[in-house]
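Presented below is the structure to which this report refers.
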Amino acid sequence: MTKRLTPPASILITGASSGIGAALAKAYAADGVTLALSGRDRQRLDAVATACRDAGARVSAETIDVTERAAMTGWVTAADEAAPLELVVANAAISAQTSGTGDDGEQVRDIFAVNVAGVLNTVLPVIPRMRRRRRGQIAMMSSIAGFRGLPGAPAYSASKAAVKAYGEALRGRLATDGIGVSVVCPGYVRSRMTADNDFPMPFLMDAGPAAAIIKRGLGRGKARICFPLPMHWAAWLLGALPPSWTDPLLSRVPRKE
């Protein structure tokens, strides 16, 4: 059973220049809230930061590559020293369309570097600090695609499966330290990542409503925040059924990579 948590007053969000990250930053922005935001695009990130400041939040915004371990450690540490972090959202991610490379091998490596190593570079520096304070919350952005390896997007679904498994395991490991961990598994959300998809996207939703669902789930300390419900059920079923049953169906799913 989940319980309602005190709203966080100091929050760090990666991938905040667009999509769910930007929508989450705006959803949390309010008087008395400090936001540390990062993103790849300076212009879009500045626009998000301005909107959050207009809502009353104190905002610092940095264009930083989540794959750069030392840079991320320095940024997360500085943000925590400025205002002890109560919520860290490891949201930055790329897919085939947003990887910036057309080479299959490099594309796979880039996707894993951002989606997996980028998550580690975000959460590992803050865990010892939260442990010392015996409080804090971490949210890791996985995906409904992480429930079953998808032939149409093998690197993306595998990277999100890794985040899902790591987050679920870390939740149990950190529970006795007073740290909550939530894994977020969205379906299709309108963003730069889905903008170029030329195939049907069931239950496609805007980033604003998606952020509202995530914020509500984090406020309750939910272990897993998956939406929309029909896609969650379908993904769970695909992961539970034998591959010999599901391979013929999934082989017809459009390719992203």
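The values are calculated or read from the model by the stated rules, or taken from the named source; none is laboratory data. Given the structure is predicted, the values throughout are model-derived calculations rather than measurements. All Cβ positions, even for glycine, are placed from backbone atoms using ideal geometry, and neighbour counts span all protein chains on display.
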Subject >> Residues that are surrounded by fewer than 17 Cβ atoms within 10 Å (Cβ to Cβ) and over 20 Å from V163 (Cα atoms), drawn from the range 63-83 >> reply: T63, A70, A71, G74, T77, A78, E81, A82
Original post:
Is there any pair linking a residue in the range 219-232 that is at pLDDT 90 or above to one that is β-branched (V, I, T) and in a helix (DSSP H, G or I), with Cβ under 8 Å and at least six apart or on different chains, and which?
Top reply: I225/I213; I225/I214; C226/I144; F227/I213
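Condition first: of a type in the set (K, R) and at pLDDT 95 or above. Can you find one or more residues in the range 145-156 that meet it?
Within the range 145-156 (the criterion being of a type in the set (K, R) and at pLDDT 95 or above), the answer is no, since none of the residues qualifies.
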Original post:
Of these, D110, D41, D54, which one is closer than 29 Å to E168 by Cβ, without any contact (Cβ under 8 Å) to a residue 60 or more places away in the chain and charged (D, E, K, R)?
Top reply: D110
Subject >> Failed criterion for G180 (all others in (1) part of a strand (DSSP E or B); (2) crowded, with 23+ Cβ neighbours inside 10 Å; (3) of a type outside the set (A, V, I, L, M, F, W, C) hold) >> reply: (2)
**OP:** Could you list, in sequence order, all residues of the range 206-219 that are touching a Leu at 6+ places or on another chain (Cβ under 7 Å) and in a loop (DSSP other than H, G, I, E, B)?
**Re:** none
Original post:
Looking at the range 66-108, which of its residues are over 16 Å from G39 (Cα atoms) and modelled with pLDDT of 95 or more?
Top reply: A70, T77, A78, D80, E81, A82, A83, P84, L85, E86, L87
Original post:
Assuming K26 fulfils every condition listed in (1) among the basic types (K, R); (2) without any contact (Cβ under 8 Å) to a residue 60 or more places away in the chain; (3) out of contact with any strand residue (DSSP E or B) (no Cβ under 7 Å at 6 or more places or on another chain) apart from one, which condition is it?
Top reply: (2)
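In the range 50-70, how many are among the β-branched types (V, I, T) and part of a helix (DSSP H, G or I)?
Step one: filter the range 50-70 for residues among the β-branched types (V, I, T), giving 50, 59, 63-64, 66-67.
Those left that are additionally part of a helix (DSSP H, G or I): 50.
Going through the range 50-70 one residue at a time, the tally reaches 1.
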Original post:
Residues in the range 7-49 that are out of contact with any helix residue (DSSP H, G or I) (no Cβ under 8 Å at 6 or more places or on another chain) and assigned to a loop (DSSP other than H, G, I, E, B): how many?
Top reply: 7
Original post:
Hey, any hits in the range 39-48 for a residue that's over 18 Å from G21 (Cα atoms) and surrounded by 17 or more Cβ atoms within 10 Å (Cβ to Cβ)?
Top reply: no
